[in-house]
Each structure stands twice: as C-alpha cells, then as structure tokens.
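**Student:** Just passing along the structure, written as structure tokens.
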Amino acid sequence: MSNSTTIKQKELFGHPVGLYVLFFTEMWERFSYYGMRAILVLYLVAETQSGNAGLGWTNGDALSLYGTYTMLVYVMSIPGGWIADKFLGQKKSVLYGGLLLVAGHSILAVEEMWAFYTGLCLIIAGVGMLKPNISTMVGGLYQQGDIRRDKGFTIFYIGINVGAFLSSLIVGYVGEVHGWHYGFGLAGIGMALGLIQYVVGQKYLKHVGNFLGASENLEEKEAMKKPLTKIEKDRVVVLFISFLLVIVFWGAFEQAGGLMNIYAKENTNRMLMGWEVPASWFQSLNAMFIIFLGTSVALFWANRKLKGKVSSSLFKMIIGLIIMGTGFFFMSAAASEFNSTGASAMYWLVLAYLFHTVGELCISPVALSYITKLAPVKYASLMMGVYFAMTGFGNKLAGLLGESAEGLGELTVFTGIAVFCVSFGALVMVFRKKLETLTHGAEDNERTMYEEAEGFELADN
C-alpha cells in the first residue's frame with residue numbers, strides 16, 4: 001500500500017502522527033454525513049404546511065429514498081477504490097472526495113428540489129472517493145504484523161463517532177428547530193473544516209496513500225504486475241464470505257437512521273422533566289457510547305489475545321453481529337409497550353443503542369483492519385471499496401425492512417431482525433475454524449508479537 005513500512009514516522013501517544021490527521025479528517029466528514037443523515041428522513045416526512053416545512057412524503061417513500069441513498073453512498077466506494085488503485089492513489093482521492101462533499105452539502109442548503117437531488121448525487125460521489133481510501137491509508141501507516149494496527153483503527157473509529165455524536169446534536173437541533181436547510185448547510189461547513197485540516201497535515205502523510213503506479217520502489221512496482229497467488233486468492237475468498245456478516249449487520253444496524261428514527265419521533269414518550277427531547281438526538285447515543293466504550297472493548301480483545309483465548313478478527317465479527325442482534329429485543333419490548341399503552345419509554349431506545357454500539361465495536365473497526373491484513377496490495381483500495389459497498393447493500397436492506405413495518409408492524413420487524421441476526425451469527429460460527437484456515441496465518445505473526453509485547457500492550461492501554 002505504501003513504502004511507509006521502511007520509513008521512521010513521527011509518533012504521538014504511541015501512533016504515527018498521520019493517524020491523527022486522518023482521525024480529524026474523518027471526524028469532520030462523518031460530522032457532515034451523519035448530521036445530514038440525522039435529519040434527512042425527518043425532513044422528507046415533515047408536513048409541507050408546518051412551521052418548519054418538509055416535503056410531506058409518506059414514511060414508506062422516505063425510507064425507500066433513505067435506503068437507496070445510503071446504499072449508493074457506499075456502493076460508490078468500489079469505483080472510488082478502483083480509481084485510487086489505478087490512477088490517483090489514496091491520498092489524492094481523499095482530497096477530491098472532500099471537495100465533492102463540500103459542494104454537495106452546500107448545495108443542499110438551497111431550498112429547491114433540483115438542489116436537493118444534485119446535493120445528494122455529489123455527496124454520493126464524494127463519500128465514494130473518500131471513504132475507502134482514507135481507511136486504507138490508516139492501514140498503510142503500520143507495517144504487517146504491527147500490534148498497534150487494530151488499536152489504530154479503533155482510535156480512528158472513535159474519531160468517526162466524535163463527528164457523528166456532535167452532528168446528531170448540533171445539526172439535528174438546528175435542522176429540527178431552526179430549519180432543515182440550515183442544518184444541511186451546517187453539515188457542509190463541517191466538511192470544509194475537515195478538508196482544510198487534511199491539506200495542512202499533508203507533511204505527516206508523505207509516505208502513505210501514494211499512487212503505486214508512480215512508485216520508485218521496485219518491490220511495489222512488481223507487486224502491481226504479478227497475478228494473485230493461491231494464498232492471496234484464498235484470503236480474498238475469506239474476505240467475501242466475511243462481507244456477508246457485514247451486509248446482515250448493517251441491514252439491521254441502519255434502522256437507526258430510518259425506522260428507529262421515525263419510531264423515536266412518533267411512538268416514544270420523549271418528555272424529560274417537562275422538556276421534549278428532539279427525536280434526532282437519539283442517534284447521538286451510538287456515537288457517545290463508542291467514544292466512551294471504544295478503548296475498553298479494544299482492551300478486552302487485546303487481553304483476551306494475550307491470554308491465548310480465541311480472538312481472531314472473524315470471531316470478533318461474529319460476536320459483534322450476535323450482540324447487535326440481541327439489542328433489537330429491546331426494540332421489540334418498546335413496540336410491545338407502545339401497542340399496550342400508546343407510547344414507549346425512552347430507555348428501550350437507550351438500551352438498544354448500547355447493545356448496537358458494543359456489537360459495532362466488535363465488527364466495524366475490526367473489519368477495516370482485517371481487510372488491510374488480507375487484501376492483495378494492488379487491490380487494497382478496491383477491496384476496501386467492496387467492503388463499503390457491502391455496507392451500502394446493508395443500508396438498502398435496512399430501508400426495505402423499514403418499509404415493511406408499514407404492513408407488518410414494528411413489533412414483527414424488530415423481533416424478526418433480532419432472531420435472524422443471532423441465528424445467522426451462530427451459523428457462521430460453526431464454520432469459523434474452516435474459514436480461518438484459508439487466511440494462511442495472516443494473523444499468526446500478529447499473535448506472536450502480542451505475546452512478546454504483553455508489558456507494552458498493557459501499559460499502552
């Protein structure tokens with residue numbers, strides 16, 4: 001991915017300084033994306049004659065657009081990764097993606113339908129260019145077998161959720177109270193700040209994310225020309241199978257921006273000491289829990305690895321899916337309470353988001369790191385793009401499931417999601433050992449380094 005593995009990099013808190021440049025870039029990108037996501041469905045279903053007028057769409061139509069939009073945002077990561085691998089390199093692709101995002105969010109501030117659809121299209125293209133490539137750059141900061149890689153991705157992931165937490169509160173409040181288009185415009189300002197920070201921090205990213213086709217390193221040039229080996233092909237197979245977990249996970253998890261968002265708005269008693277909590281604020285719970293629990297979950301898995309217990313990436317991802325699925329049983333309880341009393345308590349949503357967050361911490365940053373361990377060098381960004389495309393298909397599945405609630409009811413949908421996720425996770429667990437043999441020891445070297453560096457790991461945490 002880069003020749004950074006042979007060059008000494010300046011470090012801060014035990015990690016390359018470049019990690020923090022990417023941390024803040026992604027933080028502001030997620031501020032803009034999740035801020036817009038927090039109010040998109042609410043804007044679509046808001047009445048056209050209300051004080052804060054929306055488009056007056058039905059819940060089903062709004063969730064359909066939401067699912068298609070969030071799917072395309074991530075599916076565009078495939079061409080975004082391909083363009084980086086073949087033409088631009090990851091570093092330039094992130095820059096161009098950021099420019100498209102600033103333009104897209106800014107246009108959404110215009111109160112015209114042409115601006116609405118144009119802005120969505122620019123955001124789709126921008127995320128497609130930025131998302132897979134910035135994640136691949138994080139992996140490029142660490143050499144193969146570096147014990148800090150998983151932790152680096154967890155730190156990076158916390159940055160994602162700092163942005164998501166702040167945006168759900170700030171953009172959500174501005175959009176719901178002062179005007180939807182003010183919220184969209186504020187999201188654009190956040191992305192502009194992230195882009196400025198990224199440009200200023202380029203001196204810490206000189207040796208990562210460069211276009212391999214222009215590399216002077218003979219080993220990297222040869223890697224671009226050689227066909228895939230049997231080991232590389234086996235590892236790609238494992239990645240694609242693990243992506244099934246990703247589709248199921250995000251198909252369930254992304255109810256947050258759709259069905260759970262509407263449920264919070266319409267079916268939840270949001271009164272707290274005489275004040276009504278904005279519906280969009282509940283989406284900040286996931287990000288808040290990640291900020292507080294991220295390092296604890298990473299430490300749990302690190303200590304488990306040190307004790308010689310099963311802690312492979314695939315194992316973590318399966319456990320993450322099962323935990324997240326379990327969280328939907330709380331939404332089943334909420335729907336049951338609503339059917340009985342006409343309103344459900346807020347704590348059901350809080351508990352659901354808590355379980356969803358723990359599950360996410362076990363699967364999402366781990367999957368990002370897993371791809372950088374198994375993907376062939378010349379297809380690094382493309383494979384990351386495929387991962388995000390699977391996330392996109394999960395988002396579309398989420399929209400379809402949300403739409404089905406109009407006919408089946410929330411109780412049936414929430415319970416069905418919970419049962420399926422837990423069952424599917426258990427099924428993949430049965431084949432876990434066989435799948436892990438196809439990685440050909442990709443994580444074995446890392447395991448040895450963990451054992452040799454026990455004192456370092458514990459002190460670092």
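The values are calculated or read from the model by the stated rules, or taken from the named source; none is laboratory data. If you're wondering where the values come from, they're calculated on a predicted model, not measured in any experiment. When we count neighbours, we look across all protein chains shown, and the Cβ atoms used for this are built from the backbone with ideal geometry, even at glycine. Only protein heavy atoms, including side chains, enter the accessible area calculation; ligands, DNA and RNA are left aside. Shrake-Rupley method; radii C 1.70, N 1.55, O 1.52, S 1.80 Å.
**Student:** Could you please put 272, 19 in sequence from largest to smallest accessible area, using a 1.4 Å probe?
**Tutor:** If we order 272, 19 from most to least accessible, we get 272, 19.
**Student:** Sticking with this structure for a sec: Arrange the residues 15, 178 by how much accessible surface each exposes, largest first, with a 1.4 angstrom probe. Each step should come with its number before you reach the end.
**Tutor:** Details: 15 5, 178 115 Å².
Largest accessible area first, the list is 178, 15.
**Student:** Calculate the translational D of region 57-112 in whole µm² s⁻¹ from Stokes-Einstein, where the hydrodynamic radius comes from the Kirkwood formula applied to all Cα pairs, the temperature is 37 °C and the viscosity 0.692 mPa s. Mind showing how you got there, number by number?
**Tutor:** Details: Rh = 13.2 Å.
Roughly 248 µm²/s, to the nearest whole number.
**Student:** Counting only protein heavy atoms and using a 1.4 Å probe, what share of the accessible area of region 282-377 belongs to carbon plus sulfur, as a whole percent? Mind showing how you got there, number by number?
**Tutor:** On the way: 2120 of 3040 Å².
Within region 282-377, the accessible surface is 70 percent carbon and sulfur.
**Student:** Can you pull the one-decimal nm distance between simple spin-label points at residue 345 and residue 437, each 7 Å off the Cα toward Cβ?
**Tutor:** In this crude spin-label approximation the distance works out to 5.0 nm.
**Student:** While we're on this one: Which value, in nm² and rounded to one decimal, describes the direction-averaged projected area of the C-alpha convex hull of region 278-332?
**Tutor:** Working: hull surface 19.0 nm².
Averaging across all directions leaves 4.8 nm² for the Cα convex hull.
**Student:** Counting each pair of different Cα atoms once, what's the Kirkwood radius of the chain in Å, rounded to one decimal?
**Tutor:** Numbers: mean 1/r = 0.0448 Å⁻¹.
Kirkwood hydrodynamic radius for the chain: 22.3 Å.
**Student:** Note down the net charge around residue 97, summing +1 for each Lys or Arg and -1 for each Asp or Glu among other residues with Cβ under 14 Å from its Cβ.
**Tutor:** Numbers: positive: 30, 91, 92, 131; negative: 26, 29.
Every neighbour counted, the sum reads +2.
**Student:** Which three lengths, in whole Å and largest first, does region 75-146 cover when its Cα atoms are put on their principal axes?
**Tutor:** Largest first, region 75-146 extends 51, 20, 18 Å along its Cα principal axes.
**Student:** Could you give the size of the charge dipole of region 294-438 about its Cα centre, using +1 on the Cβ of each K and R and -1 on the Cβ of each D and E, expressed in debye and rounded to the nearest 20?
**Tutor:** 1060 debye
**Student:** Could I ask something else about it? Over region 1-157, with every protein chain in place, what whole percent of the accessible area is carbon and sulfur at 1.4 Å, could you tell me? Don't skip to the answer; put the middle values down first.
**Tutor:** Values: 3450 of 5390 Å².
The C+S portion of the solvent-accessible surface of region 1-157 is 64 percent.
**Student:** Counting only the heavy atoms of the protein chains, how much of residue 117 is accessible to a 1.4 Å probe, in Å² to the nearest 10?
**Tutor:** Surface open to solvent at residue 117 totals about 100 Å².
**Student:** Still on this model: Within the chain, which is the longest segment containing none of the GluC sites (Glu not before Pro) that sit in a DSSP loop and have at most 15 other Cβ atoms within 10 Å? Show your work: numbers first, answer last.
**Tutor:** On the way: sites that count: 47, 111, 112, 216.
The segment 217-461 is the longest one with no such site.
**Student:** Which of 35, 99, 117 sits closest to the plus end of the dipole of the chain, meaning its Cα is farthest towards the positive end, when Lys and Arg get +1 and Asp and Glu get -1 on the C-beta?
**Tutor:** Farthest along the dipole direction, towards plus: 99.
**Student:** Given q = 0.15, 0.17, 0.23, 0.29 Å⁻¹, what are the Debye log10 I(q)/I(0) values for region 325-381, with equal point scatterers placed on the Cα positions and solvent ignored?
**Tutor:** The Debye formula, applied to the Cα set alone, gives -0.56, -0.62, -0.83, -1.03.
**Student:** For residue 92, list the lysines whose Cα falls under 23 Å from its own Cα; do not include residues on the same chain fewer than 8 positions away.
**Tutor:** Here the lysines satisfying the reach criterion relative to residue 92 are 8, 10, 131, 203, 206, 221, 225, 373, 378.
**Student:** Something else now. What value, in deg cm²/dmol to 500, does the helix sum -39500 (n - 2.57) over DSSP H runs of n ≥ 4 give at 222 nm once divided by the residues of the chain?
**Tutor:** Working: 18 runs with 339 residues, N = 461.
That comes out to -25000 deg cm²/dmol.
**Student:** Now for a different question. Using a Förster distance of 45 Å, how high is the FRET efficiency between residue 50 and residue 241, based on the Cβ-Cβ distance and rounded to 0.05? Spell out each step's value before the answer.
**Tutor:** Details: r = 48 Å, r/R0 = 1.06.
The value I calculate is 0.40.
**Student:** Something else: Using a probe radius of 1.4 Å on heavy atoms only, what accessible surface per residue do you get for region 298-413? Whole Å² is fine. Walk me through the numbers on the way to the answer.
**Tutor:** Numbers: 3690 Å² over 116 residues.
I get 32 Å² per residue for region 298-413.
**Student:** On a C-alpha basis, how far is the centre of region 298-343 from the centre of region 87-132 in Å? Whole number, if you could?
**Tutor:** When both Cα centres are located, 33 Å separates them.
**Student:** Out of every Cα pair in region 294-391, what percent are spaced more than 24 Å from each other? Please list the in-between numbers first.
**Tutor:** Working: 1881 of 4753 pairs.
When every Cα pair of region 294-391 is considered, 40 percent fall beyond 24 Å.
**Student:** Take region 23-170, drop everything but the C-alpha atoms, weight them equally and run the Debye formula without solvent; then report log10 I(q)/I(0) at 0.17 Å⁻¹ to two decimals.
**Tutor:** Taking Cα atoms of region 23-170 as identical point scatterers yields -0.99.
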